[in-house]
1. When the stretch 309-329 is examined, which residues are found to be over 11 Å from residue 358 (Cα atoms) and over 28 Å from the mean Cα position of the chain (by Cα)?
2. Determine whether the stretch 198-216 contains at least one residue that is closer than 15 Å to residue 290 by Cβ, in a helix (DSSP H, G or I) and within 19 Å of the chain's Cα centre (by Cα).
3. Considering only residues that are outside any helix (DSSP H, G or I), touching a helix residue (DSSP H, G or I) at 6+ places or on another chain (Cβ under 6 Å) and at pLDDT 85 or above, which ones fall in the stretch 89-137?
4. Condition check: touching a helix residue (DSSP H, G or I) at 6+ places or on another chain (Cβ under 6 Å), within 25 Å of residue 58 (Cβ to Cβ), at pLDDT 85 or above and in the same structural domain as residue 146 (by TED's automatic domain parsing). Does residue 216 satisfy that?
5. Check residue 47 against each of (1) farther than 20 Å from residue 97 by Cβ; (2) surrounded by 14 or more Cβ atoms within 10 Å (Cβ to Cβ) and name the one condition it does not meet.
6. Going through the stretch 142-158 one residue at a time, which ones are touching a residue at least 12 places away in the same chain (Cβ under 8 Å), over 15 Å from residue 178 (Cα atoms) and not in a loop (DSSP other than H, G, I, E, B)?
7. Hey, residue 283 hits all of (1) closer than 22 Å to residue 173 by Cα; (2) buried (at least 17 other Cβ atoms within 10 Å of the Cβ) but one; which does it fall short on?
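The values are calculated or read from the model by the stated rules, or taken from the named source; none is laboratory data. Just so we're clear, the structure is a prediction, and the values are computed from it rather than from any experiment. Reconstructed Cβ throughout: ideal geometry from the backbone, glycine too, with neighbour counts over all protein chains shown.
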């Protein structure tokens, strides 16, 4: 009856008699998308509110209007709390049905528009240009342009600090998926016992602390790009699940039984030697070939010294914007000196050096005399050499290491990557140390 009325009003409406039929229809990945659902509380096989629970647990966000012939305040409140957009009592009024449907569709359209605008704003704020016009960067930009236009999976390799994430974001912007989400997962920053849930999501009750159903990064990236950073640091178990998800195009949440279809482009990155890891048996060869359909290597800063001046000016201008000041210039002699230096930490080390020089010196411009000695680092504060009463040498060494590490993290304003660079560690090692001390890691 309701279906006929809606069809008369110009809507494409279909009627389903049972709760299981509703779920089968909505969860069928090959079926046409449903824009709204009128759901009766009383169904032959399943309670309508149970059907609503399963719809929301599956991550479906279509508007649902619950209908009941025995309505009361408790039922209406329960329906809204469980994810219903509205509640109607029988007998139904045609005018009320149409107004409710129009408002539900309008609210959902506004929510989707809001989410799209938020994502666009985040993408704009996060966009960092790939700077440099030398031969190495010109070649890389051309490779990004070609790879971006395809749907092929990309494996980005390069030393720490060269800008692999910037390349991944540039690939996303150059792709047909540019309007979709860009979602990052850092394999080195997430403990092994949480990485599977972070990637694939979980269902309520699947483990201690799983108080509600949660989408993983893979689902969040649907229609866009999933960036698997530090892929070489993921365990063999997680590697196997990533391989299966790539092969099947479907995932299963931790603790769940239902498979979920996804449309995701994978871009992975690592600073490790994956072929060597394959030979050692610590990385799956089949996953490597799945990921490295298009391999991209990001050059080190030593391979493009001609780009140092433009990078220095960019970092100086960005810091000035953050501080609300006019940017200070570097003299040509200072730029030449910076271009001659070597940077073990690549672009990230150069950025740290520029920021430190600008914060620690004064004057209208930065000269060679303002630059720290080549290879110089900030020295940690002098520590007491005496042991505390009852303290062993190992305990003193651990305490000293913790103080120096936490100071480097504080000096880096919580940025783990910068702190690791200052300490001469890779991010994986620093994350492991922080977890051992019970310290929550900061930004990457």
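1. Across the stretch 309-329, the qualifying residues are 309, 310, 313, 324, 325, 326.
2. No, that holds for no residue.
3. 130, 131, 132, 134
4. When the stated conditions are applied, residue 216 passes them.
5. Every listed condition holds for residue 47 apart from (2).
6. Once the filter is applied, which keeps residues that are touching a residue at least 12 places away in the same chain (Cβ under 8 Å), over 15 Å from residue 178 (Cα atoms) and not in a loop (DSSP other than H, G, I, E, B), the stretch 142-158 yields 143, 154, 155, 156, 157.
7. The number of the failed condition is (1).
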